[in-house]
Every structure is written in C-alpha cells, then in structure tokens.
Amino acid sequence: TIVYDKVITNNGNAYNKATGKFTAPRDGPFVFTWTAITTDWFQINVYIYHNGRRLSVAQADSETDGQNSSGSNTIVLNLKKYDVVELKCGLWGDISKHVLYGDAHSTFSGWALKM
C-alpha cells in the first residue's frame, strides 16, 4: 500500500496517513482520483483497491525515453461505511526500475458526493 509523504487536506480523517488507507466514514458514492509520476528511466503501475479487490490502474513509463512520465485515473465507487480504499504499486519487469515520484508530485484524492 502506498503511503503518501504529504497530506494536505484530510477533513474527517478518513485517510490514515500511517497506513495509506482511506476508510469510508459513511455509505454513499465517493470519487477517487490519483496521479502516478515516475522519474527519468523508471516505470510504475498504481492500482486502486476496494476492500482488497483491484479495480483500475494509472501507469507511468519513462523507461525507454528518459523523461518523467505520468498516468492518472478517476473512479466513482459506491461505498458502505468502513469500506477501505487504497492504492498499491503494481510491478512488471525488473523491480529495480519501479519508482513513484513523491514530494507531492504523485497524488491521491477522495471525496464524498452529495446525494
């Protein structure tokens, strides 16, 4: 599970900055968006999981062109109170070539939709 190095806004503390997990504070639809940035000559897949089930991916691959690369995705999930959403690195190829660029370059955001 990815634990982000900077937490800017965490109203209601649904995101646990120690574990990297978002726990739904109530039932309803939530929007999640994430961006994965990798540094020069590296690659990364960042998957979103809902209660342990992988749903979607953002991929960034600069392994062959040597330029920073980014990938992003957005998903709407109907959650039940206490459901868990988290991001995890997905690997392919040489594990030494997987780098997620931190320092607030790679992001994860989630918020409730009003019904």
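The values are calculated or read from the model by the stated rules, or taken from the named source; none is laboratory data. This is a predicted model, so every value here is computed, not measured. As a convention, Cβ positions derive from the backbone with ideal geometry for all residues, glycine included, and neighbour counts pool all protein chains shown. For accessibility, only protein heavy atoms count, side chains too; no ligands or nucleic acids. Shrake-Rupley method; radii C 1.70, N 1.55, O 1.52, S 1.80 Å.
Checking (i) 1.30; (ii) 0.97; (iii) 0.99 against the coordinates, the calculated Rg/Rh (Cα atoms, Kirkwood Rh) falls under label (iii). Between N16 and L113, the contour length at 0.36 nm per residue exceeds the Cα-Cα span by 32.9 nm. About the centre of its Cα atoms, the chain shows a dipole size close to 720 debye [charges on the beta carbon of Lys, Arg (+1) and Asp, Glu (-1) only; nearest 20 debye].
Sparse packing (at most 15 other Cβ atoms within 10 Å of the Cβ) combined with a DSSP loop state is found for the following trypsin sites (Lys or Arg not before Pro) in the stretch 1-48: K6, K17, R26.
Taking the Cβ of G52 as the centre, find all other residues whose Cβ is under 15 Å away and add up their charges (Lys, Arg: +1; Asp, Glu: -1). Computed value for this residue: +3.
Loop-located trypsin sites (Lys or Arg not before Pro) across the stretch 36-83 with a Cβ neighbour count of 12 or fewer within 10 Å are K80, K81, with loop assigned by DSSP.
The solvent-accessible area of Y82, taken with every protein chain present and a 1.4 Å probe, is close to 150 Å².
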